[in-house]
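See below for the structure under consideration.
The values are calculated or read from the model by the stated rules, or taken from the named source; none is laboratory data. Here the structure is a predicted model, which means the values were calculated and not measured. Positions of Cβ are generated from backbone atoms using ideal geometry, with glycine treated the same way; all protein chains shown enter the neighbour counts. Each accessible area value is taken on the protein alone, full model and side chains, heavy atoms only, with ligands, DNA and RNA left out. Shrake-Rupley method; radii C 1.70, N 1.55, O 1.52, S 1.80 Å.
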Amino acid sequence: MRKKIAFFAGGWGGDFIQNVFDGIINVAERENADVFAFLNYSLNGMDESANAAELNMYKLPDMSEFDGVILPANTYNVKGELDYLLGEINKYNIPVVGIEYPLDGMPRISSDNYSGMYALVEHMIQVHKVKKALFIGGPADHPEAQERLRAYKTAMARNDIEIPEDGIRYGDWAKEKIPAFIEEWVDNHGSYPEAIICANDIMAIAAYNYLNSKKIKIPRQVMVTGYDCTRLGMAQHPPIASVSHEWDTMGKIAAENLFARMKGGPTPMHIKLNTKFVQGGSCGCRVYNDSENISNSTVLTNSIMDPIDMDSHFRHFYTNVRKAKNKIQVHNNLSYLFEHNHLIEGEQFKLFLDPDFFDLSKEAPKKLNPELKDKYDVIVDIVDGKGQPYRELSRRDCIFESAERATKPGYYVFVTLYAETLVYGYAMMSGPLNMASENQYYIWTRHMDSALEQVRNNMMLDKLWQEVEKRAITDALTGVYNRHGCEQTTYPMLIDWGKKGGTALVMLVDVDRMKIINDKYGHTSGDEALTIITDSLKKGLPEGFQVSRFGGDEFFVGGVLLEDDLNIEEFVAGLEAVLAKEVEERKIQYSLTMSIGCAKTSPNSVVDIEKALVTADNDMYVRKEIHHKTK
C-alpha cells in the first residue's frame, strides 16, 4: 500500500502552489507515495458562506487516512483555516512540515525574503543610478512584506539615499491601489519616479498597465521591478525584473523532510532558502533567455493549452449540458465530453455531486449550507482516459479510489463546486500541474459551477413546465383530469383500444341534488361532495380507468374492458356501494348519491366518443329519474 501525502493549500498562491507542489511530487514519486492536494479559494472580504464552502475542501477528507501532511501556511487567507488543519493533524499525531510561516513545534521550510530584495535594490542603485523610487509593499503587518521592506530601506540607507514621506505605500499584494499611488507621486513631485519597486509581480504588472495607459515607456522613462518571478511577470514586454524563490526546491526539501519524519529520522526544525534577483528588461537590462537564472515557475513554454482552445473547452461545458434535465443526461453528456477531451482534467478525473443537487423537492436554502455528505453521485468518472458508468460512491472512495486502483504513484487535485446557496459537489483532477498557475483551477471551477447552475435551471424550468402542463389538464378541486385533460388522454386511450379490437366502457356521473347541497349547506359542502364522489370513483373503479371532471357536478369515466361480459347493473351498484360507505365513514350532514350512465362500445369497431357520450348521458338521466322518485 502506497503512502498518502496531503497538501492543503490556498489556491490563490498560483505559481507558488504549482512549483512547490511540483517539488513535492518529484520526491513522492521516488518514495512511491501518492499526493492529494486540496485547494481552497477563500478570501478575506468574500461572502462568509462562500468562505465556509471553500473551507469544506479541507474538511472533505478524513485526516487519519494520511501518512504525512505539508502545510504552506502563507497561503491561508481566512481565520480558522490553519487552526482547523492543525487540530485535525494533532488529533491523529500525523507527521507534518510547514512552508514559510512558523507552526508551533513543527519543522518548516522558508524563503529569505531579505536577500533577494536587497540584491534587487542594490542593482537598481548601482547599475541604473536610481535615486527617486516609489516602493509599493505588501500588507504592513505581513512578515514577508516586512522583510522585503526592510531590505529596501537598508539598501537605500547604505547608499545614502533619502526616502521621501510618500515613497513607501502598501498595496496589500493586490493591483487595485497601484494607479492611485502613482498618481499621488506625480501630483506631489511633478514627474514620475525613476523606478517603481513592487513587493510582488501582481502589483508590478498593475504598474505596467497604468504606465502603458499613460504612454509612459518602460524602462526608458520609468523602470519597474517585481518580486516572485512569476510566469505572468516574465510574459510582460519587457519581462519584469524580479526575485526568484526557487519554490520547486522548497517543495522538494519539504517533502524530503516529511518522509524523513515519517520514517522516524531526525530533521532540522527550520531551513531557510536564499532568494535570488533575476534581471529583466523592465529595469533597463538587456536580458536574453538565461534559463539558468530563472526558477521553473517562470518558464513560459509550459502552458497547458492555447487560450482559444481553453476557451473552447470551457464553452463545451455549457453546450454539453444545455438540454440536460436529470443526472443520467448530465452523466452521459459530460462523460462523453471529458472522455474525448481531458487535457486539463487528466487521465484520472472525477466529478462527484451532492445527491441533493438533483432533488428539486427540497426547498432551496436561503444561505449556502456546506454540509458534507457520506455519499455522492459520481457524475463523471474518467479512468485512464475512459468514461465509466454513473454510480454512487462513499466520500472516502471519491477521494482515494483512483489512487488505490492505480499501479503507479500519482497526484490528485481537489476543488469545491458551489453557487450562491448550494454546494454542488467536488472535482478531482490529475492534469498538468501548471493549472495552479494563473489560477486556472479557480477559473475551471467557475465555468463548471455555471454549467451545473444551467443544469439546475434546466431542471427547474422542466419542473415548472410540467406543473403548467399538469394544471392545464387537471381539475384544481378534485385533482382528476379536467375536460381538456380528458380529451388529451382518456379519449385517445379509448380510441386506440378500439382499434386493437377491444371493448371500452364510457360513463357519465352526475351528483344528485347538487343545487340543494350548495344552497342549504354552502359551497364548501358542495366542494366536499365533489371530492367524496371523486375518491369513491377512484376506489371503486378497475385499475386503468380514468376519471375526469367535465365541469360543475358532472364527471366522465373511461376505461378498457379486458373481458366483454361485464354486468353493467352490478358494476354500477358496486360503485354506489363504495360511495355509500365513504359517506358513512365521513359522517357528512347531507345526503349524497350519484347517477351513473354507461355506454359499452362494440369490440372490433371504431370507438365513437360522441356517440358513446350520448348513450351514457341518456342512461344517466334514466337512472337520475329513478333516484329522484325513490330517494
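Worth a mention:
- For region 28-79, a residue qualifies if it is within 19 Å of residue 399 (Cβ to Cβ), within 20 Å of the chain's Cα centre (by Cα) and of a type in the set (D, E, K, R), and the qualifying residues are 54, 59.
- Residue 449 being charged (D, E, K, R), in a strand (DSSP E or B), open to solvent by less than 30 Å² (accessible area, probe 1.4 Å) and touching a residue at least 24 places away in the same chain (Cβ under 8 Å): no
- Qualifying residue in region 84-95 (condition: among the hydroxyl-bearing types (Ser, Thr, Tyr) and either surrounded by 21 or more Cβ atoms within 10 Å (Cβ to Cβ) or touching a Phe, Trp or Tyr at 6+ places or on another chain (Cβ under 7 Å) (or both)): yes
- Region 454-478: number of residues that are in contact (Cβ under 8 Å) with a residue 24 or more places away in the chain and either in contact with a His (Cβ under 6 Å, 6 or more places away or on another chain) or open to solvent by less than 80 Å² (accessible area, probe 1.4 Å) (or both): 9
- Annotation: of all residues in region 80-123 being of a type in the set (Gly, Ala, Ser) and more than 13 Å from residue 270 (Cβ to Cβ), the one that is farthest from the chain's Cα centre (by Cα) is 119.
- Hey, residue 587 basic (Lys, Arg) and out of contact with any strand residue (DSSP E or B) (no Cβ under 6 Å at 6 or more places or on another chain) or not: yes
- The single residue among 22, 34 that is in a helix (DSSP H, G or I) and acidic (Asp, Glu) turns out to be 22.
- Complete set of residues in region 158-199 that are among the aliphatic types (A, V, I, L, M), within 19 Å of residue 240 (Cα to Cα) and surrounded by fewer than 19 Cβ atoms within 10 Å (Cβ to Cβ): 174
- Taking the criterion of being open to solvent by 40 Å² or more (accessible area, probe 1.4 Å) and either touching a Ser or Thr at 6+ places or on another chain (Cβ under 6 Å) or without any contact (Cβ under 8 Å) to a residue 40 or more places away in the chain (or both), the residues of region 517-531 that qualify are 519, 523, 524.
- Conditions (1) over 32 Å from the mean Cα position of the chain (by Cα); (2) open to solvent by 30 Å² or more (accessible area, probe 1.4 Å); number of the one not met by residue 149: (2)
- Among the residues of region 321-342, those that are closer than 15 Å to residue 453 by Cβ and within 16 Å of the chain's Cα centre (by Cα) comprise 321, 330, 334.
- Some residue of region 265-278 being in a helix (DSSP H, G or I) and modelled with pLDDT of 90 or more: no
- Residue count for region 415-430 satisfying the condition of being in a loop (DSSP other than H, G, I, E, B) and either under 17 Å from residue 55 (Cβ atoms) or modelled with pLDDT under 85 (or both): 3.
- Considering residues of region 221-262 that are modelled with pLDDT under 95 and surrounded by fewer than 16 Cβ atoms within 10 Å (Cβ to Cβ) only, the residue nearest to residue 192 (Cα to Cα): 237
- Output for region 1-24, where each listed residue is open to solvent by 10 Å² or more (accessible area, probe 1.4 Å), over 22 Å from residue 202 (Cα atoms) and hydrophobic (A, V, I, L, M, F, W, C): 1
- Of the residues making up region 479-515, just one is in contact (Cβ under 8 Å) with a residue 60 or more places away in the chain, of a type in the set (Val, Ile, Thr) and surrounded by fewer than 18 Cβ atoms within 10 Å (Cβ to Cβ), namely 495.
- A single member of 335, 312 is assigned to a helix (DSSP H, G or I), at negative phi, touching a residue at least 12 places away in the same chain (Cβ under 8 Å) and among the small types (Gly, Ala, Ser), and it is 335.
- Top-ranked residue of region 42-52 - restricted to ones that are open to solvent by 10 Å² or more (accessible area, probe 1.4 Å) and part of a loop (DSSP other than H, G, I, E, B), ranked as nearest to residue 422 (Cα to Cα): 47
- When each of 55, 39 is tested for being assigned to a helix (DSSP H, G or I), in contact with a strand residue (DSSP E or B) (Cβ under 7 Å, 6 or more places away or on another chain) and either closer than 25 Å to residue 22 by Cα or free of Cβ contacts under 8 Å to residues at least 40 places away in the same chain (or both), the lone residue that passes is 55.
- Residues of region 124-146 satisfying the condition of being open to solvent by 10 Å² or more (accessible area, probe 1.4 Å) and within 49 Å of the chain's Cα centre (by Cα): 132, 139, 140, 141, 142, 143, 144, 146
- For region 114-210, the helices (runs of 4 or more DSSP H) that sit wholly inside it and include 1 or more residues that are within 25 Å of residue 16 (Cβ to Cβ), touching a residue at least 60 places away in the same chain (Cβ under 8 Å) and not acidic (Asp, Glu) are 115-126, 143-158.
- Output for region 567-617, where each listed residue is in contact (Cβ under 8 Å) with a residue 12 or more places away in the chain and on the phi > 0 side of the Ramachandran plot: 604
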